[in-house]
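Have a look at the structure below before the remarks.
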Amino acid sequence: MTSSPLSRPDWDTPAADSSTAGSDTAAFSFSFVPVAEPGPGQRWSAYDDPGILTGPEPVPDWVITESGAIETELGTLKSGKEADVDLIERALGERRTVLAAKRYRSTDHRQFHRDTGYTEGRRVRNSRDRRAMAKGTRHGRSVEAGQWAAAEFFTLADLWSAGLPVPYPIQLDGTEILMEFITVEDGTGAPRLAQTRPDQDQLASYWEQLHQAMVVLAGRQQAHGDLSPYNLLVADDRLVIIDLPQVVDIVANPSGMEFLARDCRNVCSWFTARGLEVDADDLLAELTSYAW
């Protein structure tokens, strides 16, 4: 059944006639301008809804923040082991932008479980939530999915504000993060580094960008925790780091140095196999010096 269109008032103040001239009573007339309801596969933007967490300032110009924007599902970009990434178009009048919606699954719908090692050093403050997660109840599984989404959202916000090459996080709503869709010049999705065949100059440039990002992370006593050529996008000449829910505190987490060492091995082996001589042990030693 189709709902009636929403309406908004269009207020006009007419000129006073002889019956109202000189009185304190103003005469008003109003009409209603129809506003289309979202159709199938659409929804209202929740950006300014109560309870929605939004991204850091300054908000990029391309982010549509106004009320009344409609979001349209465009399809799935990637179906992963823990979350799906779908494309959404947010539109308001002639303004349109395509966003990536990362939607975390509850633990009973995941194909992969990596929680324990990554979450050492983290706390869940709400005692009811902690008990529910320990018991594996439906509420606990929902809390856990939301915990991973929140971890990635706040990490993206923090790292974006620090100037690292990560997607801009637009908003967090439960287990869904809306974020910047990383593209190449023609507007199509940026490929993963693992899918590219860079020449030696490009390879050196990519390594310099990645090395600098890892140095900044180490200086913050952090490691990606799952870094590989599959978690790096190539947006023309720019590298962008993605998939960040498990960022590890390499000091507070007892396994932190192991995660950092694995990150070093993963990326160094890929670059070395393509002709750029970089050493994982040397990189680990350098990053460790920045962390302490």
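The values are calculated or read from the model by the stated rules, or taken from the named source; none is laboratory data. Computed from a prediction, not measured in an experiment: that's the story for all the values here. Neighbour counts run over all protein chains shown; Cβ positions are idealised from the backbone, glycine included.
A few comments on the model shown:
- Which listed residue, of GLU286, GLU208, is assigned to a helix (DSSP H, G or I), more than 20 Å from SER161 (Cβ to Cβ) and free of Cβ contacts under 8 Å to residues at least 40 places away in the same chain: GLU208
- Residues in region 211-269 that are of a type in the set (Gly, Ala, Ser) and in a loop (DSSP other than H, G, I, E, B) were compared, and the one that is nearest to VAL184 (Cα to Cα) is SER228.
- The set of residues in region 188-205 that are assigned to a loop (DSSP other than H, G, I, E, B), in contact (Cβ under 8 Å) with a residue 40 or more places away in the chain and more than 17 Å from PHE271 (Cα to Cα) contains only ALA190.
- Comparison of LEU92, LEU6, LEU87, LEU74 shows that the only residue that is modelled with pLDDT under 95 and of a type in the set (A, V, I, L, M) is LEU6.
- Residue match in region 57-67 (condition: at pLDDT 50 or above, of a type in the set (Val, Ile, Thr), within 15 Å of the chain's Cα centre (by Cα) and assigned to a strand (DSSP E or B)): no
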